[in-house]
Amino acid sequence: MVLVAVFGVALLVAVLLSGLAARTVLSTSFLFLVGGALVSDGFLGWIHITPDSEIVSVTADLALFAVLFTDGMHVSLPKLRANWRNPARALGLGMPLAFVFMALITHYLVGLDWTTSFLVGAVLAPTDPVFASAIVGRREVPAKLRQLLNVESGINDGLALPVVLILIAAAGPTADTMEASPGKIVLELLLGLVFGVALPLLVSVLVRFRLLGAEPKLQPLLPLASGIILYAVCHLTHANPYLAAFSAGATLVHVSLEAKESFEPLGEALAELAKFAALLVFGALLTPQLFGDLSFGGYVAVVLAIVLIRPASLLISLLGTTISRKEKLVAAWFGPKGFASVVYGLLVLQSGIPQAEEAFTLIAVCIAFSIVAHSSTDVPIARAFDVDELAGIPEPHQDTDARSTERHADARP
């Protein structure tokens, strides 16, 4: 119950400061991260959460699923068919380059063996849709850039998981995770895609029956019920839940724009709640001991992962495209690590491989640094595209100008 009380207080503070955060580099995500760290064993000791606590994996898993489901609804399939090349370059070239580069610096700077180094690279290669949505959700940002970041962050989680599982199985004989045969991994990905497409289609067919259909006030719960069923089915069948969530959101908006519009406010709010809860729990893992366990070479690797590896990898993959220079730079910078990496990092820690703890420490610190860096730079990036008004709160001078204009208008005959 202490955790619930802490979450409520953190949520209240975040809401009260959200207007300020929307105009400055202050980040509500950072507030939850710091709040979790302050009440954990490393500081006040009010809550006791360890990496093997079930609440860590559950909250990260739910947050990632919820955000992918809502982000999938921002994907326009006709536009994607017409502009698939840029996301394909990011996924087919940029992501593998980030994977390899991260493995190289992990091996040479941190000293992990080659298999574990490539495992760290696979865990940190995907970008996180939770924090990419800070840019994707702004309509004035160029469509190509929004689509690139949205599709990349929505799909790369599912693509990274098979590599993570295979490398865990190859990292040492003490690994106690499930067998990761290529056939089984492909089946899980296909099942996730099939379930994600089939369930919204089935629901859309049921709604057309004469005796069925949701009344207006309950209509937002229809996609919510579909998402809950999809989440449960994926975990019962071991289908990939992240690919299922993203494909379900994209299918939903394609088959029923009305359902998407009715669910969007509720879905965005639920995704934010899940994100904040997961950030609070993850923050509780960020103890002084965790940061003290990482070597100097590890910190160098973390900085390089954020400021060099992701930007260089994506810029290389976008060579020769028609995206403007500013858009390329924004896309290259905005490659946050987040809940997908948390989930996969926990798989590494719980696998029992020889260097699991060292790998998880590097992964956790990199995620923490990335959350701080990327969640605090979305507003400056948004200002570069003139989207200040999306904060919903006018600047003081704008409000004054507006009142002055109204007075002049009222004074006219």
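The values are calculated or read from the model by the stated rules, or taken from the named source; none is laboratory data. Nothing here was measured: the structure is a model prediction, and the numbers come from that model. Counting neighbours? That spans all protein chains shown, and the Cβs are built from the backbone with ideal geometry, glycine included. Just so you know, the surface numbers come from the protein's heavy atoms only, side chains and all, with ligands and any DNA or RNA stripped out. Shrake-Rupley method; radii C 1.70, N 1.55, O 1.52, S 1.80 Å.
What the table below lists for this structure:
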item: Candidate residues VAL372, VAL307: accessible-area rank, largest first, probe 1.4 Å; result: VAL307, VAL372
item: Solvent-accessible ranking of ILE228, ILE353, largest area first, probe 1.4 Å; result: ILE228, ILE353
item: Near-label residues of the stretch 244-283 by backbone N, under 11 Å of a point 7 Å along Cα→Cβ of PHE43; result: 283
item: Table column - 3J(HN,Hα) (Hz), the stretch 328-342, Karplus curve with 6.51, -1.76, 1.60, x for Gly and Pro; result: 4, 5, 5, 4, 5, 6, 7, x, x, 9, x, 5, 4, 5, 4
item: Reach of LYS260 by Cα under 21 Å, taken over lysines that are not fewer than 8 positions away in the same chain; result: LYS79, LYS217, LYS275
item: Mean Cβ neighbour count within 10 Å, used as a protection proxy, ranking 102-112, 62-72 highest first; result: 62-72, 102-112
item: Label point at VAL255 placed 7 Å out along Cα→Cβ; residues across the stretch 217-236 whose backbone nitrogen lies under 18 Å; result: 219-234
item: Percent carbon-and-sulfur accessible area, the stretch 204-341, ignoring ligands, DNA and RNA, probe 1.4 Å; result: 69
item: The stretch 84-103-the stretch 203-268 distance, computed between alpha-carbon centres (Å); result: 30
item: By accessible area with a 1.4 Å probe, ligands and nucleic acids excluded, highest first: order of PHE296, PHE360; result: PHE296, PHE360
